[in-house]
1. Restricting to the range 154-166, name every residue that is within 15 Å of Pro218 (Cα to Cα) and either touching a Ser or Thr at 6+ places or on another chain (Cβ under 8 Å) or of a type in the set (Ser, Thr, Tyr) (or both).
2. Please go through the range 114-154 and give me each residue that is among the small types (Gly, Ala, Ser), under 15 Å from Asp82 (Cβ atoms) and outside any helix (DSSP H, G or I), ordered by number.
3. Could you identify the single residue in Arg217, Arg190 that is assigned to a loop (DSSP other than H, G, I, E, B), of a type in the set (Lys, Arg) and either open to solvent by 30 Å² or more (accessible area, probe 1.4 Å) or out of contact with any Leu (no Cβ under 7 Å at 6 or more places or on another chain) (or both)?
4. Which of the residues belonging to the range 165-187 are buried (at least 18 other Cβ atoms within 10 Å of the Cβ) and under 29 Å from Phe206 (Cβ atoms)?
5. Suppose the filter is open to solvent by 40 Å² or more (accessible area, probe 1.4 Å) and either without any contact (Cβ under 8 Å) to a residue 24 or more places away in the chain or acidic (Asp, Glu) (or both); does Asp156 pass it?
6. What are the pairs, 6+ residues apart or on separate chains, where a residue within the range 219-236 that is more than 18 Å from Met166 (Cα to Cα) has its Cβ under 8 Å from a residue that is open to solvent by 50 Å² or more (accessible area, probe 1.4 Å)?
7. Could you tell me whether the range 55-71 includes any residue that is open to solvent by 40 Å² or more (accessible area, probe 1.4 Å), free of Cβ contacts under 8 Å to residues at least 60 places away in the same chain and not in a helix (DSSP H, G or I)?
Amino acid sequence: MTTACGSVVDGMGSPGCGRGLFTVGSFTVEPFTEACRPVWERRQHVVFGISPGNSYFHVARLTELLGWLCAEFARVDVVIPDSALEHTYRALGYDPQRAAKKARGEINVLCNRVARAWESGGGPRPTDGLHRMSELESNDVYREKLAECERALDEDSALWDTCADMSREVLAARGYDGPLTVERIERAMRYLVAELPFFLASADIFGAPSSLNFYHRPLPLAELVFAGKSLLQASPRQAYATIRPTR
């Protein structure tokens with residue numbers, strides 16, 4: 001296979017080519033920084049965050065990707081942002097009760113889709129997990145890191161701007177074309193802030209030696225953190241990568 005450096009490598013990469021681009025089976029993996037590469041190479045734990053309302057995550061894709069993750073990583077934890085999604089609906093103009101109902105319905109469909117896809121590929125192993133984010137909100141590490149993220153948002157203009165830009169895109173993708181007040185944007189941003197603790201400390205949240213977070217396309221918020229351009233600093237046991245299908 002050919003890496004981003006133009007050299008031919010096996011699934012573990014070749015020395016001296018930095019972060020690399022690796023083709024392993026039906027997926028390519030691009031660790032975001034050279035420091036992220038060893039976590040990928042160890043493959044001890046991976047967090048698979050699944051975005052609601054994203055057509056990329058259809059059953060066939062989920063089946064293939066979950067099967068691949070289980071073959072490559074010692075442990076897989078899937079996280080579905082149920083409680084975070086309520087903030088998106090609140091930002092779209094729904095009252096709290098309707099936002100909760102809309103989020104609950106959408107998340108139930110998504111959880112069933114993930115469970116069906118995983119079971120069709122052999123099902124999760126005893127060490128793997130499928131979690132709604134609300135189930136993890138009582139985790140001490142998650143709560144500590146969430147508070148850290150909320151403080152950083154008040155002090156870090158690059159972090160605020162990145163969250164705001166991504167939130168505007170989310171609202172537009174869901175059909176909102178009304179006024180984008182600061183209050184509305186900050187409500188939508190709470191979805192992203194709720195996800196940030198996993199980038200910083202999913203190894204500690206899930207009790208893993210090291211942990212990789214990933215998405216199928218560049219994610220500005222993760223890249224801001226892992227590039228060292230934010231007040232937020234990920235643990236050395238954390239990594240981020242872009243993982244895409246080869247076809």
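The values are calculated or read from the model by the stated rules, or taken from the named source; none is laboratory data. What you are looking at is a predicted structure, and each value in this text was computed from that prediction instead of being measured. Cβ sites come from the backbone with ideal geometry, for glycine too, and all protein chains shown count toward neighbours. The protein model used for the area step is the full one, side chains on, heavy atoms only, and it has no ligands, DNA or RNA in it. Shrake-Rupley method; radii C 1.70, N 1.55, O 1.52, S 1.80 Å.
1. Taking the range 154-166 first, the residues within 15 Å of Pro218 (Cα to Cα) are 162-163, 165-166.
Matches in the range 154-166: Thr162 only.
2. The initial filter retains those residues of the range 114-154 that are among the small types (Gly, Ala, Ser), namely 115, 117, 120-123, 129, 134, 138, 147, 152.
With the extra rule that they be under 15 Å from Asp82 (Cβ atoms), the set shrinks to 115, 129, 134, 138.
Of everything in the range 114-154, those that are among the small types (Gly, Ala, Ser), under 15 Å from Asp82 (Cβ atoms) and outside any helix (DSSP H, G or I) turn out to be Gly129, Ser138.
3. Values: Arg190 fails: assigned to a loop (DSSP other than H, G, I, E, B).
It is Arg217.
4. To start, the set of residues in the range 165-187 that are buried (at least 18 other Cβ atoms within 10 Å of the Cβ) comprises 167, 170-171, 184, 187.
Ser167, Val170, Arg187 - these are the residues of the range 165-187 that are buried (at least 18 other Cβ atoms within 10 Å of the Cβ) and under 29 Å from Phe206 (Cβ atoms).
5. The answer is no for Asp156.
6. Listed pairs, sorted by first residue: Leu231/Glu155; Ser235/Asp204; Pro236/Ala35.
7. yes
Condition check ((1) touching a helix residue (DSSP H, G or I) at 6+ places or on another chain (Cβ under 8 Å); (2) at pLDDT 95 or above; (3) acidic (Asp, Glu)) across all residues:
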| site | (1), (2), (3) |
| --- | --- |
| Gly20 | yes, no, no |
| Glu30 | no, yes, yes |
| Glu64 | no, yes, yes |
| Leu110 | no, yes, no |
